[in-house]
Amino acid sequence: DSKAFDREVRSVCPYCGVGCQLSFKIKDEKIAWVDGVEGPANESRLCVKGRFGFDYIHHPHRLTKPLIRREDAPPKGLNVDPANPLGHFREATWGEAIAAAAGKFGALKERWGGRSVAGFGSAKCSNEEAYLFQKLIRQGFGHNNVDHCTRLCHASSVAALIENVGSGAVTATFNEIENADVAIVIGANPTENHPVAATYFKQFAKRGGKLIVMDPRAQALRRQASHMLQFRPGTDVALLNAIMHVIVEEKLYDRQYVEGFTEGFFEFRDHIKGFPPEKMADLCGIDAGTIRDVARTFADAKAGMIFWGMGVSQHIHGTDNARCLISLALLCGHVGRPGTGLHPLRGQNNVQGASDAGLIPQMMPDYHPVADAEVRDLFRHIWDGAEISPEPGLTVVEIMDGIYRGQIRGLYVMGENPAMSDPDVEHARKALARLEHLVVQDVFLTETANFADVILPASAWPEKTGTATNTNRQVQMGRKALNPPGEARADWRIVIDMANAMGLDWDYDHPREVFAEMKMSMRSLHHITWKRLEQENAVMYPCLSTEDPGQPVVFGDGFPRRAGRAKFTPARVTPPAEAPDAAYPMILTTGRQLEHWHTGSMTRRASVLDAVEPEANASLHPSTLRKMGVRPGEMIRIETRRGAIEIMAREDRAVAPDMVFLPFAYVEAAANVLTNPQLDPWGKIPEFKFSACRVAPA
Ligand code: SF4
């Protein structure tokens with residue numbers, strides 16, 4: 001009934017990397033409901049978050065005025081009085097808050113140099129906001145200490161992709177699965193984390209496509225799978241090398257493709273000889289016959305795709321895991337044709353775009369290395385003579401360590417919540433408390449904002465206009481549907497105010513002007529204009545002409561590497577950083593669940609989602625619960641070398657008997673109190689997927 005709403009505004013879902021297009025139905029200046037619309041990734045489909053995850057923007061907890069920490073506030077921490085949550089802060093005008101926020105960064109830079117200040121941008125913000133934020137850190141703060149949640153998500157996948165195929169983005173859209181005859185889904189749980197993408201995977205299997213699911217959790221997609229390999233956690237490299245051993249040994253590989261489009265094969269072939277399935281079977285927990293069958297199925301396919309998630313990337317060997325997947329696709333020639341490709345399923349709606357826009361400490365926009373003098377010259381030219389430091393900045397976890405070392409003294413956080421999302425989160429919280437200056441820009445008093453000196457009230461996604469780039473490389477237009485509440489402002493506007501208070505003299509009146517500047521350095525945006533996005537809603541990169549909707553499959557005629565060749569990089573088996581032992585005999589793994597998003601600041605304030613999944617819970621196998629004498633719904637205590645939490649136990653046959661699965665959205669039982677901060681040496685991503693733990697009745 002069109003009378004049931006006053007107006008409708010077409011935009012994009014702010015949650016996962018699928019990037020579903022939707023229509024906000026606005027009644028009395030509120031989102032009354034949401035419908036899916038025909039977008040290239042979703043064809044009108046939405047999941048429960050996209051449909052019911054929006055009333056958080058009307059929640060009474062919204063920040064509506066700038067806040068400054070009171071001089072008489074107690075020491076910084078999570079010591080919030082529920083009756084007066086903002087009690088440690090006083091209200092301020094925008095002028096006062098921006099002057100306090102920017103002035104102190106300027107003073108720290110003056111006294112200690114640009115290396116002493118840092119910024120965390122966010123994949124929850126638009127491309128234009130990400131671009132402006134990294135520009136502010138580089139130009140205003142004077143260093144490259146800028147990062148965002150890609151570091152906790154797919155940094156290792158991107159490191160491996162850039163190294164071996166020359167580009168960090170997917171080589172094919174997930175919708176290409178309709179042209180595949182075999183697909184591997186490994187270390188991903190799309191049914192919960194990319195639900196609309198999962199509907200395409202299920203349709204593929206229904207049509208007779210072979211779906212090979214590999215995961216230490218027997219996740220829901222197993223019901224559609226031709227093969228379900230529930231391998232032992234942390235043994236990905238052994239399993240994938242064993243599969244490739246079979247393909248090489250049985251000469252099933254695509255010789256013509258390997259000779260024509262790759263380098264490093266002979267060294268790789270020698271390396272892979274050491275991984276016969278019969279030798280790897282016990283380590284992986286998968287019998288040699290199954291490994292051989294999977295190898296033959298994938299190699300014999302006319303068109304095969306590989307999808308992966310954070311089960312692959314969040315390990316100290318995450319980059320090695322991704323190297324193996326790349327090698328597997330190259331061996332079989334499953335890149336560059338319809339129905340083939342490598343697709344790391346990106347977590348957040350704009351994590352691809354925020355990375356493209358330069359929220360990365362070693363890379364300027366479009367992955368131009370900061371260490372390259374020509375790159376710095378280009379940006380000096382575009383940024384009115386700005387001097388850019390040639391020294392790569394610190395990553396997310398390194399910035400926290402830098403606070404302990406006394407290097408980092410000031411931090412600007414736009415839309416991230418490290419007091420919940422960092423590994424070994426007590427370490428991160430203590431680091432935040434030590435900062436001389438913390439500015440947090442967000443829509444709620446997040447756990448991180450509790451530690452702030454200045455809080456800047458920002459806009460939720462439906463309250464601003466901007467572009468976002470989904471997992472498919474589709475740049476999509478997000479449109480403002482409502483005004484932010486009270487005095488809250490759009491993030492891009494706040495970043496400009498911060499820059500000008502630091503003396504930068506920026507002059508942008510609309511995100512389209514920022515987008516135009518981005519195009520000056522970002523070849524990925526070639527032929528993509530603001531006008532096109534307004535008219536067409538989405539354009540994919542690479543885009544070959546002003547009429548081209550973008551290329552769903554890339555690298556059919558070679559790779560953006562030396563001589564156009566992709567590379568095989570052999571991967572050794574590296575055990576997890578913390579092996580289970582007598583004191584901590586079980587394995588803890590963390591992730592998301594369907595209804596809740598990341599640290600829960602939005603979805604736990606969305607009434608339907610919170611009603612469906614209101615309570616912190618840990619999933620264990622029924623036999624594990626029985627052994628402990630615990631019934632589902634009772635409380636258990638989970639402990640690692642970093643800390644302990646108490647949480648409700650849930651029965652789940654998909655979890656192996658020696659494992660516990662914990663979602664990380666619940667502050668009252670924060671999973672990251674327990675997780676291991678050890679980093680992958682290339683991607684610098686922490687090992688969220690494997691910590692030794694012990695579990696007992698609470
Ligand atoms: Fe939003 Fe992802 Fe759900 Fe689509 S699948 S509605 S993008 S959360």
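Side notes on the structure shown:
- Verdict on residue 343 being assigned to a loop (DSSP other than H, G, I, E, B) and open to solvent by less than 10 Å² (accessible area, probe 1.4 Å): no
So that you can scan it fast, the table gives a plain yes or no per residue for (1) among the basic types (Lys, Arg); (2) part of a loop (DSSP other than H, G, I, E, B):
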position	(1), (2)
51	yes, no
56	no, no
72	no, yes
76	yes, yes
104	yes, no
119	no, no
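- Among the numbered conditions (1) open to solvent by 10 Å² or more (accessible area, probe 1.4 Å); (2) within 16 Å of the ligand (Cβ to nearest atom), the only one that residue 323 does not meet is (2).
- For first residues located in the range 251-264 and free of Cβ contacts under 8 Å to residues at least 40 places away in the same chain, partners that are open to solvent by 50 Å² or more (accessible area, probe 1.4 Å) and lie 6+ apart or on another chain with Cβ distances below 8 Å do not occur.
- Checked against (1) in a helix (DSSP H, G or I); (2) open to solvent by 10 Å² or more (accessible area, probe 1.4 Å); (3) under 25 Å from residue 221 (Cα atoms), residue 352 passes all but a single condition, namely (2).
- Of all residues in the range 30-39 being open to solvent by 30 Å² or more (accessible area, probe 1.4 Å) and in a strand (DSSP E or B), the one that is farthest from the ligand (Cβ to nearest atom): 30
- Of the residues making up the range 610-633, none is in a strand (DSSP E or B), at pLDDT 95 or above, farther than 29 Å from residue 416 by Cβ and open to solvent by 50 Å² or more (accessible area, probe 1.4 Å).
- Condition check for residue 6: in contact (Cβ under 8 Å) with a residue 12 or more places away in the chain, in contact with a strand residue (DSSP E or B) (Cβ under 7 Å, 6 or more places away or on another chain) and within 14 Å of the ligand (Cβ to nearest atom): no
- Of all residues making up the range 276-319, the number that are within 22 Å of residue 264 (Cα to Cα) and open to solvent by 10 Å² or more (accessible area, probe 1.4 Å): 2
- Residue in the range 286-294 that is closer than 17 Å to residue 186 by Cα, in contact (Cβ under 8 Å) with a residue 40 or more places away in the chain and not in a helix (DSSP H, G or I) present: yes
- No other residue among 401, 372, 422, 377 is open to solvent by 10 Å² or more (accessible area, probe 1.4 Å) and within 30 Å of residue 692 (Cβ to Cβ) apart from 401.
- Residue within the range 18-25 that is within 24 Å of residue 495 (Cβ to Cβ) and either in a strand (DSSP E or B) or within 16 Å of the ligand (Cβ to nearest atom) (or both) present: yes
- The numbered conditions (1) within 26 Å of the chain's Cα centre (by Cα); (2) in a strand (DSSP E or B); (3) farther than 30 Å from residue 59 by Cβ are all true for residue 637 except (1).
- Single match in 439, 495, 475 (criterion: under 23 Å from the mean Cα position of the chain (by Cα), of a type in the set (A, V, I, L, M, F, W, C), within 16 Å of the ligand (Cβ to nearest atom) and surrounded by 22 or more Cβ atoms within 10 Å (Cβ to Cβ)): 475
- Candidate set from the range 40-53 (those that are of a type outside the set (Asp, Glu) and more than 9 Å from the ligand (Cβ to nearest atom)); member that is most open to solvent (accessible area, probe 1.4 Å): 52
The values are calculated or read from the model by the stated rules, or taken from the named source; none is laboratory data. Note that the coordinates shown come from a computational prediction; the quantities given were computed from them, not determined experimentally. Reconstructed Cβ throughout: ideal geometry from the backbone, glycine too, with neighbour counts over all protein chains shown. Surface areas here come from the heavy atoms of the whole protein model, side chains and all, with no ligands, DNA or RNA. Shrake-Rupley method; radii C 1.70, N 1.55, O 1.52, S 1.80 Å.
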